[in-house]
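Visitor: The following block contains the structure, expressed as structure tokens.
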Amino acid sequence: MNSLKKLLAGSALAASLLGAVSLVQAADQTSCQGGVYKLCIRDYENANGTPGTYKNIQSTNKNWSSFGWANQADWYRNYHASQKACVHKYAWSSSTGWDPPAHSIGPGDTLAGRARYNLGNGNRWTGGACQ
Amino acid sequence: MGLHAGRSRRSAWTIVVSCIVLVAGALYFAREQPAHAGTSLQAPLELAAQLVHSLRAPSPSQAIARRQPVSPSVKSAPTWRDDANPLSGNLGRNEAERKLFHDAEQSAIQDCMNERGFPYERAKYEEDAKREPGADEHLDYGLAKLLGERHEEPEAAPPSLEEQKRHDALLGKAEGPDDEDYAGVEADGYTLSWDTSSCVSEARRRVYGDEQGYRQLAFAIEALKFEAHELAEADDGFTNAVAGWKSCMQRANLPFDSRDQLVSSLAQRHERGELDGEQLAKEEREVAAIDERCDGEHKVGASMKSAFARTQKEVAERNSARLDAFAQLRETSLVRASAFLDE
């Protein structure tokens, strides 16, 4: 009986992990069109695997590496109807008690840099000012 | 704004003194004249009342100025030196000014959307104080929490045709900078572009007039803040603090060059399956506690803060003319936005 319980628990855990992985993968797109998006980001340098992969970011994230994105991006479009996306790039974010400088990307704005620029590695949303 | 505030203060004293003289004069005449001689008494009193009224009913820009602390020095022209955060790229220097611009833009967006046959609910202004930077930034990096939340964040369904039309009217189409309706501004190797046929763009033109000029200047100033930040990262005080942090972390078997690298490493180990959710949460808390101790001992955050304050001043001084142009733009925009809201 105990073995059966362990087997079931193990299966449930494995299923959860697979579900999590598929959710992460499903959030990567090949474009920002045809769906509901908030902040769409793209890394020109293909550091994140598939060339031309986009990611839709809905929440505030201090560091994008926390959801598997290899850290930086150089193209952004804000699809949010009213909030600004504040995109920061800072290797020392968290626990410094202050905010790094941020690019302010208003609703409908697209921010893009040359390939050598990685403009950000984290974001937050605001209905006020970015910095 | 300092100029206006200084002038307002002098004008106020002049008016108050004038009123006292006029009222005293009126009372003197009232004693001397018979009761039926109303007209001779009425004139100075009415003049006094008008002066008092003009003192109590400020213009829109004066109303904003009065909510703010008055600068002790009287300047001959608007200057960036009145701004506590001159490299922010924000047209509003404080909550009151930012809210004014926000409200004016939202009002203009609503007008534009309604004219195009779409409903629009104005977005509320969000004060900086409500987000409390740093309040949740200790003991962990938010990794385990974020990964937990991902299970609860379903992908949104594609919008209906009507929703898409409304979205396009509000923000513009997503074709990109090659579209003929697109405008853009550049600074330091990157560009900000938008669809000028959108209501958010139309609203900026209604409130500020020269949308392109305003956005170019604001974008260029925002880039200056990043320039100042790069200088701060190269500052000796900061690089020494980082070296100390690295040694401290290394002694705890955490050989990382930066916090960013540390967080990435944790996330990658989770992705590779080396850490499950519980293990990640536990390790994250342990590592963050060591990180916090090392940061405190070597003052990484504090060093950056002081270096950044200094480099921002240096960069601002070097770009004084551009910042003064932005301060001038703020003055005219405050008047325009106030007038727009009063319409």
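The values are calculated or read from the model by the stated rules, or taken from the named source; none is laboratory data. This one's a predicted model, so the numbers in the text were calculated from it and none came from an experiment. No Cβ is skipped: glycine too gets one built from the backbone with ideal geometry, and neighbour counts run over all protein chains shown.
Visitor: Can you say whether residue A:78 is modelled with pLDDT of 75 or more and either surrounded by fewer than 21 Cβ atoms within 10 Å (Cβ to Cβ) or within 9 Å of chain B (Cβ to nearest Cβ) (or both), as far as the supplied structure shows? First the steps, then the outcome.
Guide: Values: modelled with pLDDT of 75 or more: yes; either surrounded by fewer than 21 Cβ atoms within 10 Å (Cβ to Cβ) or within 9 Å of chain B (Cβ to nearest Cβ) (or both): yes.
Yes; evaluated as a whole, the condition is true for this residue.
Visitor: To continue, here is another question. Please tell me if residue A:94 is at pLDDT below 80, among the polar types (S, T, N, Q), surrounded by 22 or more Cβ atoms within 10 Å (Cβ to Cβ) and outside any loop (DSSP other than H, G, I, E, B).
Guide: Answer is no for this residue.
Visitor: Under 25 Å from residue A:119 (Cβ atoms) and of a type outside the set (A, V, I, L, M, F, W, C): which single residue out of B:209, B:172 fits that description?
Guide: Going through B:209, B:172 in turn, the sole match is B:172.
Visitor: Evaluate the following for residue B:330: is it under 25 Å from residue B:203 (Cβ atoms) and in contact with a Leu (Cβ under 6 Å, 6 or more places away or on another chain)?
Guide: Against the criterion (under 25 Å from residue B:203 (Cβ atoms) and in contact with a Leu (Cβ under 6 Å, 6 or more places away or on another chain)), residue B:330 qualifies.
Visitor: To continue, here is another question. Being more than 10 Å from chain A (Cβ to nearest Cβ) and small (Gly, Ala, Ser) is the filter here, so list the residues in the range B:190-208 that pass it.
Guide: The answer is B:197, B:203.
Conditions (1) within 11 Å of chain A (Cβ to nearest Cβ); (2) surrounded by fewer than 17 Cβ atoms within 10 Å (Cβ to Cβ); (3) under 23 Å from residue A:120 (Cβ atoms); (4) of a type outside the set (Phe, Trp, Tyr), marked per residue:
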| site | (1), (2), (3), (4) |
| --- | --- |
| B:210 | no, yes, no, yes |
| B:222 | yes, no, yes, yes |
| B:226 | yes, no, yes, no |
| B:229 | yes, no, yes, yes |
| B:257 | yes, yes, yes, yes |
| B:267 | yes, no, yes, yes |
| B:270 | yes, no, yes, yes |
| B:280 | yes, no, no, yes |
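Visitor: Tell me which residues, restricted to the range B:80-122, are touching a Phe, Trp or Tyr at 6+ places or on another chain (Cβ under 9 Å) and of a type in the set (Phe, Trp, Tyr).
Guide: B:80, B:101
Visitor: Taking residue B:281, is it within 33 Å of the chain's Cα centre (by Cα) and touching a residue at least 24 places away in the same chain (Cβ under 8 Å)?
Guide: No: the conditions fail for residue B:281.
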